[in-house]
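Worksheet: the structure to be examined is printed underneath.
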Amino acid sequence: MKLLICSGIVIPMTSSLTQDATKLASVMDIAIDGKKIVSTGNIPDSFIPDRTIDAEGKIIIPGFINAHTHLSMGLFRNYANDLDLFTWLTKKIWPIEEKLNEQDIYTGSLLGTAELIRSGTTAFADMYFFQEASCEAVKKSGIRANIGATFFGDIGETEKRLPEHHALFKTWNNACDGRIHIDAAPHAVYTCSRETLTAARDFSLELNNRVHVHLSETAKENADALEQHHMTPTAYLESLGLLERPVYAAHCVHLNQDDMKILKSHNVSPVHSPSSNLKLGSGFAPVPRFSKLGLHTALGTDGASSNNNLNMIEEMHIASLIHKGISGDPKVVSAFETLRMATLYGAEALGIDSLCGSIEVGKDADMIFIDTNAVHLQPLHDPISAVVYSAQTSDIDTVMCQGKIIMENHSILTLDEDKIIRDAADTAKALLSRK
Ligand SMILES: [Zn+2]
């Protein structure tokens with residue numbers, strides 16, 4: 001299929017683009033052949049499209065990359081609120097998670113992928129249970145995912161799970177035309193024994209995949225690590241050799257200067273999840289300090305039970321505002337930097353930046369259209385500011401992944417949303433009554 005997209009307001013977010021560039025957005029055409037972007041700007045006459053889409057008045061940006069979530073936790077949306085992380089986890093979430101079965105995860109994963117598509121997300125990183133069911137939902141949805149093989153608990157539990165993790169990798173890594181990758185996901189230093197963390201490192205080393213971990217989310221996590229291991233969580237992970245692997249680390253709220261230097265020396269991608277951190281009263285990551293050090297921060301919503309949605313536009317808005325407010329400096333975490341966190345830096349964190357994260361020739365066509373024909377988006381002085389500070393997810397009318405249109409005119413083509421909503425409600429009800 002050859003697709004020509006005409007006259008969109010394109011913000012390519014390529015790595016060579018800098019905030020000071022005279023033109024960050026231009027009206028241009030994009031030619032797509034199969035999965036790939038083959039030409040931008042002046043399209044050669046030799047390109048004969050099978051279909052032409054008029055994108056006049058629409059901002060076209062790379063699809064968002066949600067670098068930290070727990071896809072099917074949408075089943076617990078608004079189930080437990082206004083609690084700190086440890087109370088929320090131990091009193092409310094872990095007890096109900098005990099009741100989850102594979103079918104629940106499939107239902108929750110479909111709910112999550114539909115929500116991600118509606119918010120313009122074309123790739124995400126997940127850490128949860130029954131990962132095969134999530135892979136099936138991703139396959140159906142048409143978007144990309146790095147699905148974590150979750151490591152949790154002591155070595156006995158890990159040894160039980162390891163054969164499943166290997167089978168998951170064998171079946172799903174690089175599946176669906178390369179849309180799915182399987183990573184190692186040790187939950188956190190406070191939920192994994194030393195041997196379990198080491199097993200996660202070895203799994204990643206053997207299969208040459210990435211590591212997705214929660215890191216220094218709360219002050220309590222740091223205090224407990226200092227008491228038990230006489231090290232910060234970051235230093236502890238480094239001491240176990242885990243940071244030798246390519247790592248993306250969710251939260252990174254409570255880091256000292258040495259921790260940050262460690263992250264920089266291992267090129268770790270911090271994943272900023274401000275909504276979840278704020279809601280749980282955990283604080284939030286020092287993103288301007290990461291930027292000063294040259295760390296590329298990605299953005300993630302965390303699960304829809306602690307956020308309580310998977311809305312990347314809202315996440316960008318909050319991320320950009322809180323750092324200006326706390327520092328008193330409106331220049332930090334600019335609209336441009338925030339959009340880069342939500343696109344290219346997310347792709348880098350997930351190791352898929354050679355495929356997506358920007359709109360350029362040779363990359364796959366993962367992009368979204370934002371309709372600017374709305375009172376809250378006009379007049380359109382600055383398209384990047386419009387996306388970060390003014391847009392709503394309901395402005396996103398088209399979503400494309402690997403050159404395939406998966407949402408058009410606000411309609412998701414790959415999933416049955418009405419059925420998903422009914423099934424999610426039935427599943428939530430059944431979970432609450434299940435013994
Ligand atoms: Zn999380």
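Within the listed set Ala374, Ala304, Ala285, the residue fluctuating most in the Gaussian network model of the chain (springs between alpha-carbon atoms under 10 angstrom) is Ala374.
Give me the net charge of Ala133's neighbourhood, meaning all other residues with Cβ under 10 Å from the Cβ of Ala133; Lys, Arg count +1, Asp, Glu -1. Kindly include the intermediate steps, with their values, before the conclusion.
Working: positive: none; negative: Glu102, Asp104, Glu132, Glu136.
Net of charged neighbours comes to -4.
Restricting the calculation to Cα atoms, the chain shows an Rg/Rh of 0.96 when the hydrodynamic-style radius is the Kirkwood one. What FRET efficiency, computed as 1/(1 + (r/R0)^6) with R0 = 22 Å and r the Cβ-Cβ distance, is obtained for His376 and Leu321, rounded to the nearest 0.05? Given R0 = 22 Å and the Cβ-Cβ separation, E is 0.85. Placing unit charges on the Cβ atoms of the charged side chains and taking the dipole of segment 180-281 about its Cα centre, the candidate lying farthest along the positive direction among Pro274, Val211, Ala225 is Pro274.
Straight-distance candidates among the lysines for linking to Lys261, with alpha-carbon spacing under 27 Å and chain neighbours fewer than 8 residues away dropped: Lys220, Lys292, Lys324, Lys331. Most tightly packed first, judged by the mean number of other beta-carbon atoms within 10 Å of their residues, the peptides 119-126, 320-327 read 119-126, 320-327.
Would you mind calculating the relative contact order of the chain from Cα pairs under 8 angstrom and at least 6 residues apart, reporting the percent as a whole number? Mind dumping the intermediate values first?
Working: 946 pairs, mean separation 94.1, N = 435.
This gives 22 percent for the chain.
Sorted ascending by nearby beta carbons within 10 Å, beginning with the fewest, Val287, Val399 become Val287, Val399.
Mean residue ellipticity at 222 nm from the helices of the chain, using -39,500 (n - 2.57) per DSSP H segment of n ≥ 4 over the full residue count, to the nearest 500 deg cm²/dmol? Intermediate results must be reported in sequence, preceding the final value.
Working: 15 runs with 156 residues, N = 435.
Roughly -10500 deg cm²/dmol at 222 nm, from the helical runs in the chain.
Basic side chains Lys and Arg get +1 at the Cβ, acidic Asp and Glu get -1 at the Cβ, and with that the dipole of the chain about its Cα centre reaches some 160 debye. For segment 331-354 versus segment 370-417, the inter-centroid distance based on Cα atoms is 18 Å.
Convex hull over the Cα atoms of segment 366-419, averaged projected area in nm²? Spell out each step's value before the answer.
Working: hull surface 17.4 nm².
Its average projected convex-hull area is 4.4 nm².
Note that segment 227-237 has calculated 3J(HN,Hα) couplings of 6, 7, 10, 6, 8, 5, x, 5, 5, 5, 4 Hz, one per residue in order, obtained from phi through the Karplus relation 6.51 cos²θ - 1.76 cosθ + 1.60 (θ = phi - 60°); glycine and proline are x. Only lysines eight or more places from Lys99 in sequence, or on another chain, were considered; those with a Cα closer than 20 Å are Lys91, Lys160, Lys429, Lys435. Excluding same-chain neighbours fewer than eight residues apart, the lysines reachable from Lys36 by a Cα-Cα span under 19 Å are Lys2, Lys363, Lys404.
Could you pull out the longest piece of the chain with no exposed loop GluC sites (Glu not before Pro) in it, calling a site exposed if DSSP puts it outside H, G, I, E, B and it has at most 14 other Cβ atoms within 10 Å?
On the way: sites that count: Glu56, Glu98.
That gives 99-435 as the longest site-free run.
Pairs of Cα atoms in segment 52-198 fall into 10 Å distance bins, from 0 up to the last occupied one, in shares of 11, 36, 34, 14, 4, 1 percent.
Computed from the coordinates by the stated procedures, all read-outs in this text should not be read as laboratory data. Just so it is clear, the structure is predicted and the values come from calculations on it, not from any experiment. Please note: Cβ atoms are built from the backbone with ideal geometry, for glycine as well, and neighbour counts cover all protein chains shown.
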